[in-house]
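Quick notes on the structure that follows.
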Amino acid sequence: MVCEDSTVIHNGDLIGELHLDNETILRLIRSEGPDRAALKIARLGRKSMKQISCAYENQTEFSEVSALVGITLLHRGLTHGLGFEHQEMKPDIFQKITTLYLRMLLSVMHPEGKSRIERRTELLVPMMLIHTRSSLRKRFSMPDRRQAHEDGYGASLVSATIEG
């Protein structure tokens, strides 16, 4: 895979796999409503990405990771301002299963449920979100460790694991 910043990710390279905390998103949508929840989710996403960036810079287990990659239907709203590169998934069986799974998950989580899916189906296509090591550092690197403490990183919306 060739990324926008010319980073090339080869089969076998280590990547960080991004995961959204769906339970937190669901709780916020139900308690705050979709619009206020979107703002809080965006703030939590930025804080989480700063945490991940700090870990990538300071923890040896992340030293060989080439990029962070996640797959989501929420690429249009949730990732606004987070600087992710978007790439389409290859049209194969994995993409089809992922699309079905994520649409089902959204229909359960979204307050409007299945009607939300049916209304804008053509826009609900999963995309790969990518931050290379370089783009992550440029966007989220913190000048010193005190900043992480001052930002109050207790809550986390995004987490990353390493995949080979």
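Assuming 0.36 nm per residue, please report the length gained on full extension of the stretch K90 to D5 beyond their Cα-Cα distance.
Taking K90 through D5 to full extension adds about 28.6 nm, to one decimal.
Taking a 1.4 Å probe, which of Y56, Y101 shows the most accessible area, and what order do the others take after it?
If we order Y56, Y101 from most to least accessible, we get Y101, Y56.
Length gain on complete extension for the stretch I97 to S115, per 0.36 nm per residue less the alpha carbon to alpha carbon distance?
Computed gain between I97 and S115 is 4.4 nm.
Using a 1.4 angstrom probe on the protein heavy atoms only, line up M104, M109 by accessible area, largest first.
M104, M109
Would you kindly calculate the mean projected area, averaged across all directions, of the convex hull enclosing the Cα atoms of segment 1-111, in square nanometres?
7.9
Given H placed on each backbone N at 1.01 Å, which residues far from L14 in sequence or on other chains put an amide H within less than 5 Å of it?
S66
Heavy atoms of the protein only, probe of 1.4 Å, neighbouring chains included. What is the accessible area of F140 in Å², nearest 10?
10
Is any residue of segment 5-44 close enough, with backbone N under 14 Å, to a label point placed 7 angstrom from the Cα of S134 along the Cα-Cβ axis, and if so, which?
What the label zone holds, given the 14 Å backbone N cut-off, is 5-9.
The values are calculated or read from the model by the stated rules, or taken from the named source; none is laboratory data. This one's a predicted model, so the numbers in the text were calculated from it and none came from an experiment. For neighbour counting, all protein chains shown are included, and Cβ atoms are generated from backbone atoms with ideal geometry for every residue, glycine included. Remember, those area values only see protein heavy atoms, side chains included, never the ligands or the DNA or RNA. Shrake-Rupley method; radii C 1.70, N 1.55, O 1.52, S 1.80 Å.
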